[in-house]
Amino acid sequence: MNRCGFFLAGAVIAGSAFSPTLAMTQPLQQPSGEVVLTVGGQISRFNGDAVAMFDQQMLATYPVTQFTTTTVWTQGEVHFAGVALAEVLRDVGASGSTIIATGVDEFFAEIPMSSITDTMPILAYAMDGQQMSLRNRGPLWIMYPYDSNATLRSEVVQTRSVWQLIKLDVAE
Ligand SMILES: Nc1nc2c(c(=O)[nH]1)N[C@H]1C(S)=C(S)[C@@H](COP(=O)(O)O)O[C@H]1N2
Ligand SMILES: [Mo]
């Protein structure tokens, strides 16, 4: 049964609208390709030693969230596609108040859980329809739709826009 079917069965058995218990007991699939993201800390679904590892194919199984925006790092309007950070956090059973996002260069930023919505930020895996190379700030880049709201065009949100993202830690 796929994840969705499993979830629905759980909801029916429990007789409630939302019953994460059964879905949460199903282990995450194992990555078969190169691991691009490791999620650790306060999570409850794993596929490794206290961590949840993702390859690109696993990230592609989530609904795609996408938008077009300008950024201070790119030229003109750019289309970004990826998975909502909230979607990944929900799937690994994250519980905490802060996400610490770290790039391959060991740059890290704290993202308050309260600032994360169903649609942003995204873990962008494509820019103008192309996967992003490490050299081009990929393969994952935390991205906000800066053009949609003036409050997103701030230094604090820029700082949270971690490129070459490799790790998320869910902290107290
Ligand atoms: N991986 C990674 N992401 C990063 C950074 C970095 O050094 N490494 N710098 C952050 C900061 S502090 C800002 S303001 C923005 C833009 O950095 P820049 O203006 O130096 O390009 O990217 C953010 N994302
Ligand atoms: Mo910055």
In segment 114-164, which residue that is open to solvent by 60 Å² or more (accessible area, probe 1.4 Å) and of a type in the set (A, V, I, L, M, F, W, C) is nearest to ligand 1 (Cβ to nearest atom)? Trp163
Return the total of residues in segment 112-137 being among the hydrophobic types (A, V, I, L, M, F, W, C) and part of a strand (DSSP E or B). 5
Unmet requirement for Asp91, which otherwise passes all of (1) charged (D, E, K, R); (2) open to solvent by less than 40 Å² (accessible area, probe 1.4 Å); (3) within 14 Å of ligand 1 (Cβ to nearest atom): (3)
Contacts under 7 angstrom Cβ, first residue in segment 155-168 being part of a loop (DSSP other than H, G, I, E, B), partner open to solvent by 10 Å² or more (accessible area, probe 1.4 Å) and more than 9 Å from ligand 1 (Cβ to nearest atom), 6 or more apart: Gln164/Leu134
Checked segment 73-94 for anything in contact with a helix residue (DSSP H, G or I) (Cβ under 6 Å, 6 or more places away or on another chain) and aliphatic (A, V, I, L, M); matches are Val83
Quick check on segment 87-97. Is at least one of its residues more than 16 Å from ligand 2 (Cβ to nearest atom), in contact with a Lys or Arg (Cβ under 6 Å, 6 or more places away or on another chain) and of a type in the set (A, V, I, L, M)? yes
Output the number of the condition that Thr102 fails; it satisfies all remaining conditions of (1) within 11 Å of ligand 1 (Cβ to nearest atom); (2) more than 19 Å from Gln42 (Cβ to Cβ). (2)
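The values are calculated or read from the model by the stated rules, or taken from the named source; none is laboratory data. Owing to the predicted nature of the structure, the values given are computational and were not obtained by experimental measurement. Please note: Cβ atoms are built from the backbone with ideal geometry, for glycine as well, and neighbour counts cover all protein chains shown. Heads up: the accessible areas ignore ligands, DNA and RNA and are worked out on the full protein's heavy atoms, side chains in. Shrake-Rupley method; radii C 1.70, N 1.55, O 1.52, S 1.80 Å.
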